Amino acid sequence: MSSGIGRTWRELRDRLAAAEIPTAALDAQLLVRHVLDLDATGLIASETDPFPGGKSEDLEALVLRRIAGEPIARILGVQEFYGLDFGLNAATLIPRPETEMLVDFGIEHLKSHPAPAVLDLGTGTGCIVLSLLANLPGARGWGVDISADALEQAQANAEALGLADRFVARHGSWFDPLGGEKFDLIVSNPPYIASATIETLDAGVKSFDPMAALDGGADGLGPYRIIAAKAREHLVAAGARALEIGFDQGHMVNELLSSAGFCEIAIAKDLAGHDRMVTARAPK
Ligand code: GLN
C-alpha cells in the first residue's frame with residue numbers, strides 16, 4: 001500500500017534532517033512538489049492522496065542528489081532572484097541574493113532615462129540584466145557570455161519572462177562580440193575567486209557551480225582588468241558601471257578603475273557587511 005503524499009514529504013524531511021540538511025522541511029516539500037508538479041497549495045490539498053508509486057524512483061534520485069550536497073536550486077533547475085524565476089543549467093551560476101544590489105543600483109541610476117541601453121558581461125542566467133529590463137520598461141539589454149550553454153539559458157529566461165523583445169544575447173569573451181554599441185550602464189558579476197582559493201569554497205559551490213563562472217585567475221582580478229581597460233569605449237559620456245566584487249577586492253578594483261580614468265568610484269557593502277559592489281562613472 002502506498003503512503004499518503006503528506007506522509008511522504010514528512011518522512012523525507014526526517015531523512016534529510018538525519019543527513020544534516022539544514023533546510024530539511026522546506027527541501028522535502030520542494031522535492032515532492034517538483035516530482036508531482038504541485039504548487040504549495042496543491043501540496044496541502046493533496047495531503048491524504050496516495051503518493052503515486054510510479055514517481056518514487058524519480059523522487060529518490062533527487063533525494064540522493066540533495067543528500068550528496070547538491071544545492072536545491074540546482075536540483076529544481078530554478079532560482080528566484082529579484083522576485084523573478086530564473087531557470088538554471090550546468091553552465092550557469094545559481095543567482096545569489098547579494099547580486100540584487102547591482103539591480104537596485106541600476107534601477108536607481110536609470111529610472112528617469114526613457115530608453116537606456118544596458119550591457120551585462122558574463123550574463124549567466126541573465127539574472128542581472130533581465131531583472132533590470134523587468135523593472136525599466138523602456139530599457140534594452142545586451143547579455144554577453146563566453147559559454148553558449150549559459151547564453152541559451154539566458155535567452156530561454158528572457159522568453160519565459162516576456163522580455164525577449166528587449167534582450168540581445170551575444171556569444172563571446174567580454175567586449176569581443178560587441179560592435180560599436182554604447183551603453184548607459186554596464187553591469188557585471190564576473191568570476192572573481194582567486195584560483196587557489198576555490199578549494200576553500202563551500203562544497204555546494206565548488207562541486208556544483210561551473211568553474212568558469214567562479215575562477216578569476218591567479219589573483220581573482222583578471223576579469224576586472226579587462227573590464228576596466230575596455231569599458232569606457234562602450235559607455236556613453238557619464239555612463240555608469242556596477243561590478244560585483246569579492247569582500248577583499250574593493251581597494252584593488254577601485255585602483256583599476258581610477259587608473260582607467262573612471263570617477264565617482266564608490267564601494268557598497270552587502271547585508272552581511274562585506275564590500276560587495278563597486279560603482280563608477282565614465283567622465284562627462
Ligand atoms: N551574471 C550571472 C550572475 O550574477 C553570472 C555570473 C557569473 O557567471 N560569474 O549570477
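Just so it is clear, none of the values below were taken in a lab; they were calculated from the coordinates. Everything numeric in this text was worked out from a predicted model, so none of it was measured. We place every Cβ from the backbone using ideal geometry, glycine too, and count neighbours over all the protein chains shown.
Hey, among Glu70, Glu47, Glu57, which residue is of a type in the set (D, E, K, R) and either assigned to a helix (DSSP H, G or I) or touching a His at 6+ places or on another chain (Cβ under 9 Å) (or both)? Working first, answer last.
Working: Glu70 fails: either assigned to a helix (DSSP H, G or I) or touching a His at 6+ places or on another chain (Cβ under 9 Å) (or both); Glu47 fails: either assigned to a helix (DSSP H, G or I) or touching a His at 6+ places or on another chain (Cβ under 9 Å) (or both).
Going through Glu70, Glu47, Glu57 in turn, the sole match is Glu57.
Residues that are surrounded by fewer than 20 Cβ atoms within 10 Å (Cβ to Cβ), in contact with an Asp or Glu (Cβ under 6 Å, 6 or more places away or on another chain) and among the hydroxyl-bearing types (Ser, Thr, Tyr): does the range 189-201 have at least one?
The answer is yes; a qualifying residue exists.
Inside the range 107-120, can you point out the residues that are in contact (Cβ under 8 Å) with a residue 12 or more places away in the chain and either under 20 Å from Leu84 (Cβ atoms) or near the ligand (Cβ under 6 Å from one of its atoms) (or both)?
Step one: filter the range 107-120 for residues in contact (Cβ under 8 Å) with a residue 12 or more places away in the chain, giving 107, 109-111, 113-120.
Of everything in the range 107-120, those that are in contact (Cβ under 8 Å) with a residue 12 or more places away in the chain and either under 20 Å from Leu84 (Cβ atoms) or near the ligand (Cβ under 6 Å from one of its atoms) (or both) turn out to be Ile107, His109, Leu110, Lys111, Pro116, Val118, Leu119, Asp120.
Within the range 134-147, restricting attention to residues that are within 14 Å of the ligand (Cβ to nearest atom) and surrounded by fewer than 23 Cβ atoms within 10 Å (Cβ to Cβ), which residue is farthest from Leu243 (Cα to Cα)? Let's see the steps before the verdict.
First pass over the range 134-147, keeping only residues within 14 Å of the ligand (Cβ to nearest atom): 141-147.
Next cut, surrounded by fewer than 23 Cβ atoms within 10 Å (Cβ to Cβ) only: 142, 146-147.
Working: Trp142: 16, Ile146: 18, Ser147: 20 Å.
Checking each candidate, the answer is Ser147.
Scan the helices (runs of 4 or more DSSP H) fully inside the range 134-235 and keep the ones with 3 or more residues being more than 17 Å from the chain's Cα centre (by Cα). Explain how you work it out, then say what you get.
Working: elements: 148-160, 203-206, 222-230.
Because the criterion is at least 3 residues that are more than 17 Å from the chain's Cα centre (by Cα), the helices (runs of 4 or more DSSP H) in the range 134-235 that meet it are 222-230.
Does Asp104 count as within 14 Å of the chain's Cα centre (by Cα) and more than 10 Å from the ligand (Cβ to nearest atom)? Steps first, please.
Working: within 14 Å of the chain's Cα centre (by Cα): no; more than 10 Å from the ligand (Cβ to nearest atom): yes.
No.
Quick check on this structure: which one of Ala40, Ala28 is surrounded by 17 or more Cβ atoms within 10 Å (Cβ to Cβ) and among the aliphatic types (A, V, I, L, M)? Walk me through how you get there before you give the answer.
Working: Ala40 fails: surrounded by 17 or more Cβ atoms within 10 Å (Cβ to Cβ).
Ala28 is the lone residue from the list that is surrounded by 17 or more Cβ atoms within 10 Å (Cβ to Cβ) and among the aliphatic types (A, V, I, L, M).
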